[in-house]
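Here is the structure we will look at.
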Amino acid sequence: MSRDASSPIGRRRALQIGAGVAGVAGLGAVGFALGGDGDGGTAAAYPEPEYGDPDRTYRLTASEHEIDIAGGDTYDGWTYDGSYPGPEIRALEGERVRVVVENDLPEETTVHWHGMTLRGDNAMDGVPGVTQESIAPGEEFVYEFDAEPAGTHWYHSHVGLQLDRELLGPLVIEERNPHVEYDAEHTLILDEYLPEEPRVESADGTDGMGGMGGMGGSFPGAPPAKGTLVNGALPSDPAEFGIAEGERVRLRLVNAAAATTYAVGIDDHSLTVTHADGPAVEPVTVDTLEIGMGERYDLIVEGTSPGRWPIRIAPIDSVAPAGRAILAYEGTTGGIDEGAIGGRRLRYPDLRSLEPIPGVEGSSDRTIDLELSAGGTMGMMGGSGEDGEWTINGQAFPDADPIRIEEGDHVRFRMRNRSPMRHPMHLHGHHFQAGEVVKDTITVPGHMGQIEFDFVADNSGTWLFHCHHLYHMETGMVRIVEYE
Ligand code: C2O
Ligand code: CU
């Protein structure tokens, strides 16, 4: 069932813009525009990149590099600039950011800026075969985008299973006027420990099965994770995040895992959730939260209880060992305390965005029903498609119809999950509203779980909509959303 791990999402098209871009990038950080068809390109319908005068310029080199897991092994992974997680890219809300990506990998690659709206910048979305020709080994591509919306985001490869070789990093856009005050901040990248080459496997029995172990049969899924990492560290040599008594610390959580949902809690502390997938929400205080692949939450933790407390990261529906980092009060060293974690878990309806999306009240202009399922014999209740595939309305990408929307429409996606697994569904190029929360990735619960969200078709282009479980995406749970 495994496909070629190097295959990009989407079919390859032969277009040689790479060399032209590399040459231009060599000019340095000056404004320029790339000619439309001056470099021998075919008529492939990639959107035209537009370049301006960036406020910030970063450079990322994707290459094979040793990854040294704190508390674990050293293995050969793929990284940005030799580091895992990749270097932080940070900008102020509204700034223009340029990132020159150099590909030193043995395969083609692209980078996706997860959470950026990319208004008018469809060409910068990093989807191979859809928004750009992927970057060939030895070539560069210049990405440029407006830092919108503010919040905690991330960047990652959008080719095949490269995300799970650790081509990922944090992208933090600082808001100009934060709605909450805090004294310090830390970013926590949650991920699986998988010191091997990723490949699609059949998940049967336990890992990721959501309690369907007795059912027999198998679903395409991820190799079993060997642990849970916070910023590249296992619990035996954990990452430490400082706080002082009386301080308010902002934690930026990113679930960068390929295939695992996590529950997060901190002993003896509650979590005040302040942002969901970037945008601000009315602060809501809980004891734990669940975070799906691709989702982000920002929290404020108050320094009310000096000590060294575990930040616990528990994989859900997975046999992988839990992760742990330390909330370390100033002046403390040594052992780790143990406390209690209360029972109030965040639910989506607890979240109210401060700035709801205008135009998504009332009835929609276009409603699209999307049935999420496994193909063939594993589909529950009459699924279609093949074994070894994950499907939307019975079709596995790339053999799948585009979803068509029209500029200005109020669009509603209604998802229903006919499989036992959760599916964290992500829409590129738009934030959407589900109930009262504005997000870009939302987890549809297993076993006939249903979620609907609304958005305004206000960013014309060709965008992906897909499950952020990398192995579901790789085996078909993807659609293209096209403006008519
Ligand atoms: Cu973070 Cu299309 O993905
Ligand atoms: Cu999925």
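The values are calculated or read from the model by the stated rules, or taken from the named source; none is laboratory data. For clarity, every value in this text was computed on a predicted model and none was experimentally measured. FYI the Cβ positions are ideal-geometry reconstructions off the backbone, even for glycines, and counts take in every protein chain you see. Ligands, DNA and RNA are excluded from the accessible area calculation, which covers all protein heavy atoms including side chains. Shrake-Rupley method; radii C 1.70, N 1.55, O 1.52, S 1.80 Å.
Express in whole angstrom the spacing between the alpha-carbon centres of the range 286-335 and the range 97-167. Measuring centre to centre over Cα atoms gives 29 Å. Ligands, DNA and RNA aside, Ile89 has an accessible area near 0 Å² when probed at 1.4 Å. Normalising the average separation of contacting C-alpha pairs (under 8 angstrom, six or more residues apart) by the number of residues puts the relative contact order of the chain at 13 percent.
Whenever you get a sec, compute what percent of the accessible area on the chain sits on carbon and sulfur atoms (1.4 Å probe).
44 percent
What accessible area per residue comes out for the chain, rounded to a whole number of Å², with a 1.4 Å probe?
36 Å²
The packing ranking of peptides 467-473, 45-51, highest mean first, is 467-473, 45-51, where packing means the average number of other beta carbon atoms within 10 angstrom of each residue. Counting only Cβ charges, +1 for Lys and Arg and -1 for Asp and Glu, the dipole size of the range 218-285 around its Cα centre is about 300 debye. Each peptide in 324-333, 161-170, 175-184 receives the mean, over its residues, of other Cβ atoms within 10 Å, and ordering these scores from highest gives 161-170, 324-333, 175-184.
With R₀ set to 22 Å, the beta-carbon distance separating Arg90 from Glu361 gives a calculated FRET efficiency near 0.05. Placing a label point 7 Å from the Cα of Glu64 along the Cα-to-Cβ line, the residues of the range 114-153 whose backbone N sits under 20 Å from it are 135-140. Using a probe of 1.4 Å, the accessible surface attributed to Arg59 totals some 110 Å² when neighbouring protein chains are kept in position. What does a probe at Glu48 reach in the range 459-484, counting residues whose amide N is under 12 Å from the point 7 Å along Cα→Cβ? Backbone N within reach: none found.
Counting each DSSP H run of 4 or more residues in the chain as -39500 (n - 2.57), what helix-only mean residue ellipticity at 222 nm follows after dividing by all residues, to the nearest 500 deg cm²/dmol?
Numbers: 2 runs with 13 residues, N = 484.
Taking each H run of at least 4 residues, the total per residue is -500 deg cm²/dmol.
Farthest towards the positive end of the charge dipole of the chain, among the residues Gly242, Met116, Gly394, is the Cα of Gly394, using unit charges on the Cβ of Lys, Arg, Asp and Glu. To the nearest 0.05, how large is the calculated FRET efficiency for Arg414 and Thr333 if R₀ is 56 Å and r is the Cβ-Cβ distance? After rounding to 0.05, the efficiency reads 0.60. About the centre of its Cα atoms, the chain shows a dipole size close to 960 debye [charges on the beta carbon of Lys, Arg (+1) and Asp, Glu (-1) only; nearest 20 debye]. Per-peptide packing, taken as the mean over residues of other Cβ atoms within 10 Å, places 133-140, 398-405 in the sequence 133-140, 398-405 from highest down. What separates the Cα centres of the range 459-479 and the range 227-263 is a distance of 27 Å. Spin-label point model (7 Å from Cα, Cβ direction): what's the Thr304 to Asp387 distance in nm? For the pair Thr304/Asp387, the computed spacing is 5.4 nm. Overall, the range 340-451 carries a charge dipole of about 680 debye about its Cα centre when +1 sits on the Cβ of Lys and Arg and -1 on the Cβ of Asp and Glu, all other atoms neutral. Put Glu406, Glu295, Glu338 in order of accessible area, highest first, and with a 1.4 Å probe you get Glu338, Glu406, Glu295.
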